[in-house]
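A.B. asks: There's a structure below that I have some questions on.
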Amino acid sequence: MLCGAGAGDAGLLGARAARWLARADVVVHDRLVSADVLALVPEQAELIDVGKRPGAPRRAQQDIHALLIDRARAGKLVVRLKGGDPFVFGRGGEEAEALRAAGVPYRVVPGVTAALAAAADADVPLTDRRRAASVTLLTARETPDKPSPTLDWSALARLDTLVIYMSVGALETVVRRLIDAGRSAATPAAAVERAGTSRSRTIRATLAALPARARAARLAAPAVLIVGPTAAQPQPAAAASPLAGQTVLV
Ligand code: SAH
């Protein structure tokens, strides 16, 4: 099973993923899967962490494929658990391909991807029929083994809402590319850190001002950057204050 754990803590783990997790013989997970999701893994199951750790050599993708195939061929119910959704920047596609090539049957269980968790935490509607008819998910980091980069910044600069993954280390570069490609420097932007957790934090600024604001606030991974007309601070509700619009003479 290629399962999404949802972004952040166990609150965004779907019921379907939780059901498979409860039946798993083997759980192979990434670093982004939170401890409270891992606490749901049955005691007798084999728990394997294949996450990348800063400083440590990362486990080769080929080794992960071999591991999944090996355990599945031994007749185990293997749950490959990924943060967010397995098919959004999760290399789930590569793993599915490897399983297919090996003749191992699998299913995919979606999870709440970071873009959606971040939008909810920041109170940013990713689409809005008046202002944003499209939303685009992209990564600031393209794999270095690709022959040529595929991100077309001048096309991206013309789109409504962008949600940029893996962008913390590349914030300056991403913002410069967008502005150089014609996106207005005044476009609202929001960086959302640890979306889907109780420690979620949103930093809002114009596109041009966001990198400095994020640096000052020590924005740290995991975070996504949302750029677009709906990313501005939500207006306080008119009804929030009972005396709004009244003049009071004392
Ligand atoms: N499959 C995952 C994405 C994995 S790529 C998903 O669907 O969400 C890793 C990137 O996802 C991080 O660099 C960050 O940009 C984003 N991310 C993952 N979890 C996040 C979280 N809780 N809050 C904000 N961004 C997150």
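The values are calculated or read from the model by the stated rules, or taken from the named source; none is laboratory data. Given the structure is predicted, the values throughout are model-derived calculations rather than measurements. Note that we place each Cβ from the backbone using ideal geometry, even for glycine, and neighbour counts take in every protein chain shown. Heads up: the accessible areas ignore ligands, DNA and RNA and are worked out on the full protein's heavy atoms, side chains in. Shrake-Rupley method; radii C 1.70, N 1.55, O 1.52, S 1.80 Å.
A.B. asks: Looking at segment 173-196, is at least one residue out of contact with any Gly (no Cβ under 6 Å at 6 or more places or on another chain), within 14 Å of the ligand (Cβ to nearest atom) and assigned to a loop (DSSP other than H, G, I, E, B)?
C.D. replies: Yes, segment 173-196 has at least one match.
A.B. asks: State which residue pairs qualify: first residue farther than 30 Å from G6 by Cα and inside segment 174-199, second residue among the aliphatic types (A, V, I, L, M) and surrounded by 19 or more Cβ atoms within 10 Å (Cβ to Cβ) in any location, beta carbons under 6 Å apart, and separation of 6 or more residues or different chains.
C.D. replies: A185/L207
A.B. asks: Then there is this: Within segment 220-227, does at least one residue satisfy the condition of being of a type in the set (G, A, S), over 28 Å from L13 (Cβ atoms) and open to solvent by less than 60 Å² (accessible area, probe 1.4 Å)?
C.D. replies: No - not one qualifying residue is present in segment 220-227.
A.B. asks: Turning to a different aspect of this structure: Look at H29 and say whether it is farther than 20 Å from T113 by Cα and within 24 Å of the chain's Cα centre (by Cα).
C.D. replies: no
A.B. asks: Another question, if that's okay. Of everything in segment 46-58 that's part of a loop (DSSP other than H, G, I, E, B) and surrounded by fewer than 17 Cβ atoms within 10 Å (Cβ to Cβ), which residue is farthest from the ligand (Cβ to nearest atom)?
C.D. replies: P57
A.B. asks: Now for a separate question. Tally the residues that are of a type in the set (A, V, I, L, M, F, W, C) and out of contact with any helix residue (DSSP H, G or I) (no Cβ under 9 Å at 6 or more places or on another chain), restricting the search to segment 74-100.
C.D. replies: Qualifying residue count for the region: 2.
A.B. asks: Further, regarding this structure: Have a look at V88, V78 and point out the one that is in contact with a Leu (Cβ under 9 Å, 6 or more places away or on another chain), over 27 Å from A221 (Cα atoms), open to solvent by less than 50 Å² (accessible area, probe 1.4 Å) and not small (G, A, S).
C.D. replies: V78
Residue-wise test of (1) surrounded by fewer than 17 Cβ atoms within 10 Å (Cβ to Cβ); (2) farther than 23 Å from R194 by Cβ.
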{"site": "M1", "(1), (2)": "no, yes"}
{"site": "G8", "(1), (2)": "no, no"}
{"site": "R19", "(1), (2)": "yes, yes"}
{"site": "R31", "(1), (2)": "yes, no"}
{"site": "A39", "(1), (2)": "yes, no"}
{"site": "Q44", "(1), (2)": "yes, yes"}
{"site": "Q62", "(1), (2)": "yes, yes"}
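A.B. asks: hydroxyl-bearing (S, T, Y) and open to solvent by 20 Å² or more (accessible area, probe 1.4 Å): does that describe S167?
C.D. replies: Judged against the criteria, S167 is not a match.
A.B. asks: May I pose another question? Could you check, for segment 134-157, whether at least one of its residues is within 15 Å of the ligand (Cβ to nearest atom), modelled with pLDDT of 95 or more, in a helix (DSSP H, G or I) and over 17 Å from the mean Cα position of the chain (by Cα)?
C.D. replies: No, every residue in segment 134-157 fails to be within 15 Å of the ligand (Cβ to nearest atom), modelled with pLDDT of 95 or more, in a helix (DSSP H, G or I) and over 17 Å from the mean Cα position of the chain (by Cα).
A.B. asks: So which residues in segment 73-98 are within 8 Å of the ligand (Cβ to nearest atom) and in contact with an Asp or Glu (Cβ under 6 Å, 6 or more places away or on another chain)?
C.D. replies: Selection gives K82, G83.
A.B. asks: Could you list all residues from segment 78-103 that are assigned to a helix (DSSP H, G or I) and more than 17 Å from the chain's Cα centre (by Cα)?
C.D. replies: Answer for segment 78-103, where residues must be assigned to a helix (DSSP H, G or I) and more than 17 Å from the chain's Cα centre (by Cα): E94, E95, A96, E97, A98, L99, R100, A101.
A.B. asks: Return a yes/no flag: does segment 190-199 have any residue that is surrounded by fewer than 13 Cβ atoms within 10 Å (Cβ to Cβ) and hydroxyl-bearing (S, T, Y).
C.D. replies: Yes, segment 190-199 contains at least one residue that is surrounded by fewer than 13 Cβ atoms within 10 Å (Cβ to Cβ) and hydroxyl-bearing (S, T, Y).
A.B. asks: Let me ask something additional. Condition test on D63, is it among the acidic types (D, E), in a helix (DSSP H, G or I) and either within 12 Å of the ligand (Cβ to nearest atom) or over 23 Å from P42 (Cα atoms) (or both)?
C.D. replies: yes
A.B. asks: Out of A212, A217, which single residue is modelled with pLDDT of 95 or more and open to solvent by less than 50 Å² (accessible area, probe 1.4 Å)?
C.D. replies: Residue meeting the stated conditions: A217.
A.B. asks: I would also like to ask the following. Restricting the search to segment 200-209, which residues are in a loop (DSSP other than H, G, I, E, B) and either open to solvent by 50 Å² or more (accessible area, probe 1.4 Å) or within 6 Å of the ligand (Cβ to nearest atom) (or both)?
C.D. replies: Across segment 200-209, the qualifying residue is only A208.
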